Amino acid sequence: MLRYEALRRRPGGVKALTGLTLREFEELYERFVPAWEEAERERLSRPDRQRAIGAGRSYKLDLATRLL
């Protein structure tokens, strides 16, 4: 599995995979984090949830890797 932490050491790899430079991807990530956190809060506060918050599987990949 290709992870962001490994890919960021090779800026050409980020460009090849995403079409963005490393700096552009990091700027996108900085703007993405607040939007994702808000969406996650909304998702967790749904009234029709089947499980309590914290139950179920946790994410295996960090947010930057998932954004890739």
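The values are calculated or read from the model by the stated rules, or taken from the named source; none is laboratory data. Values in this document were obtained by computation on a predicted structure and should not be read as measured data. Ideal geometry is used to build each Cβ from the backbone, glycine not excepted, and the neighbour counts take in all protein chains shown.
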What pairs come out if I take residues in segment 49-67 that are closer than 27 Å to E27 by Cβ and pair them with residues that are part of a helix (DSSP H, G or I) and hydroxyl-bearing (S, T, Y) whose C-beta lies under 7 Å away, six or more apart or interchain? D62/Y4; A64/Y4; A64/Y29; T65/Y4; L67/Y29
Looking at L20, L7, which is the one that is without any contact (Cβ under 8 Å) to a residue 12 or more places away in the chain and surrounded by 10 or more Cβ atoms within 10 Å (Cβ to Cβ)? L20
Looking only at segment 1-28, filter to residues that are farther than 15 Å from R66 by Cβ and of a type in the set (G, A, S); which one of those is farthest from the chain's Cα centre (by Cα)? G12
Give me the pairs, please: first residue somewhere in segment 35-46 and surrounded by 10 or more Cβ atoms within 10 Å (Cβ to Cβ), second residue anywhere and modelled with pLDDT of 90 or more, beta-carbon distance under 7 Å, and either six or more positions apart or on two chains. W36/L63
With the structure loaded, tell me whether R31 is of a type in the set (K, R), within 15 Å of the chain's Cα centre (by Cα) and assigned to a helix (DSSP H, G or I) or whether it fails that test. yes
How many residues of segment 34-68 are out of contact with any Gly (no Cβ under 9 Å at 6 or more places or on another chain) and not in a helix (DSSP H, G or I)? The answer is 18
For L2, state whether it is in a loop (DSSP other than H, G, I, E, B) and at pLDDT below 90. yes
